[in-house]
Amino acid sequence: MPIFVDNAEWLKKLKYVEFLRDIGKHFTINKMLSFDSVKLRLEREQSLSYMEFNYMILQAYDFYQLNAEHNCVLQIGGSDQWGNIVNGVDLVRRINQKESYGLTTPLITLSSGAKMGKTEDGAIWLNEKLLSSYDYWQFWRNTNDNDVKNFLYYFTEIDSSELEKITNNEKNINNLKILLANEATKILHGEKKAIESENTAKETFDGTGMGQNLPVILIKGTMLKNGINVVDFLNNTKILNSKSEIRRAIKEKGIKINDIVLEDEKKIINLNEFTESNYIKISYGKKKHFKIKIN
C-alpha cells in the first residue's frame, strides 16, 4: 500500500543555521552549477533566485527523510529533475549510508516545444475537489490541434493499432478531441462522468442549455437581498481575477448571463435572475461556463 506524507512534516521544523551546518556541508557550489537545470539558466543569462537555487538541496533533503523514515529507495521524476534526484541519492549515501536510486522519464512537450505542466497553463488537478470532472474533460477537449493525436497515444488506453485506424480515418479534428476528452476523463473519473461532461458541453455550446455537470459556485443569498452590482457580484464568484478585468470583459462583450450578453456594468443582479432551481449561468468567453447557485 502506498504511504502519503507531507514534506511540511520535516521542512517546517528546520532551523536555518543548523540546516546549513548539517546538510549544506554535503553540497558544493561547483557541483550544483554543473547540472543542466542551473547551467542552462546561467548560460541564457536568465535570473536564478537564491530560493530556486536552494530548491535542489530541499528536494534532496526530502529524499533523505523519506529514505530514513519510510525506507524509500527510488525517486521518480521528469528528466528536468535529474540533478535534484542525483543530489538526493548522494545525500542518502552520505548520511544514511544506504544505496538509493533515481528514475527519470522524458518530459511531455507540446507541439510548441513548451513542457506540459502546471506552471505552463495552470494546474490540472486529479482531485475532483480541486478541478471538477467537467473542467478536466474540457482541458482535454481544448487540446491544440497539433497535439491531439500524440495525446491519444499518451493519455488513453485505446489499443495503438485501433488508434492508428481511428486517426487515419477520422478527418474531423474535433471528433478526435472529444474522443480524447472522453477517454482521459473515463480513466480518472469513470465513464458516467465522462458521458455527463460531454452532454453538458453539448447542451452548453450547442444551445442555451444549463448542463447539469457545469462547475458550480456557491454564493450567499444575503448578498442578493437588496440587489448587487454585477461587477461586485462577479468579483465575489472569483470567475475573473479583479474588478478591472471584469469591466474590461464586459466592455469587450465577453460575459453572458443566462446566455445573454452583458453590456451594462451598472446592471443590478437580484433573485429574479435565478431559475426555479436557484441557478444562474455565467459564461466568460466561449469556453468557460459556470452555474452560480444560492447556498
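At a glance:
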item: Cα-based helix-to-principal-axis angle, 82-91 vs the chain, degrees rounded to 10; result: 50 degrees
item: ³J(HN,Hα), Karplus 6.51/-1.76/1.60, whole Hz, each residue of the range 143-154, x for Gly, Pro; result: 4, 4, 3, 6, 9, 4, 4, 4, 5, 4, 6, 6
item: Using alpha-carbon coordinates, inclination of helix 173-189 to the longest axis of the chain, degrees; result: 70 degrees
item: Backbone N under 20 Å from the Tyr55 label point (7 Å along Cα→Cβ), restricted to the range 84-112; result: 84-91, 102-110
item: Neighbour-limited loop hits for chymotrypsin sites (Phe, Trp or Tyr not before Pro), the range 101-184 (at most 15 other Cβ within 10 Å; DSSP other than H, G, I, E, B); result: Trp125
item: Alpha carbon convex hull of the range 216-294, volume per residue in cubic angstrom; result: 82 Å³
item: Length-normalised contact order of the range 97-178 in % [C-alpha pairs under 8 Å, at least 6 apart]; result: 22 percent
item: When the convex hull of its Cα atoms is projected in every direction, mean area for the range 118-206 (nm²); result: 6.1 nm²
item: When each of Lys243/Lys293; Lys193/Lys286; Lys253/Lys287 is checked by Cα-Cα distance, pairs over 19 Å; result: Lys243/Lys293; Lys193/Lys286
item: Under-5 Å amide H pairs with Lys267, H placed in peptide plane, nonlocal only; result: Val230
item: The range 1-126: C-alpha gyration tensor shape, a/c 1.5 cut-off, then a/b vs b/c; result: oblate
item: Relative contact order (%) - criterion: Cα under 8 Å, at least six apart; region: the chain; result: 10 percent
item: For the chain, alpha-carbon Rg relative to the globular expectation (2.2 N^0.38 Å, N residues); result: 1.29
item: Restricting the range 14-97 to GluC sites (Glu not before Pro) in coil, as DSSP defines it, with at most 10 other Cβ within 10 Å; result: Glu45
item: Residues Met56, Met51 arranged by fewest to most Cβ contacts within 10 Å; result: Met51, Met56
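Every number here is computed from the coordinates shown, using simple stated rules; none is lab data. Keep in mind it's a predicted model, so treat the numbers as computed, not measured. All Cβ positions, even for glycine, are placed from backbone atoms using ideal geometry, and neighbour counts span all protein chains on display.
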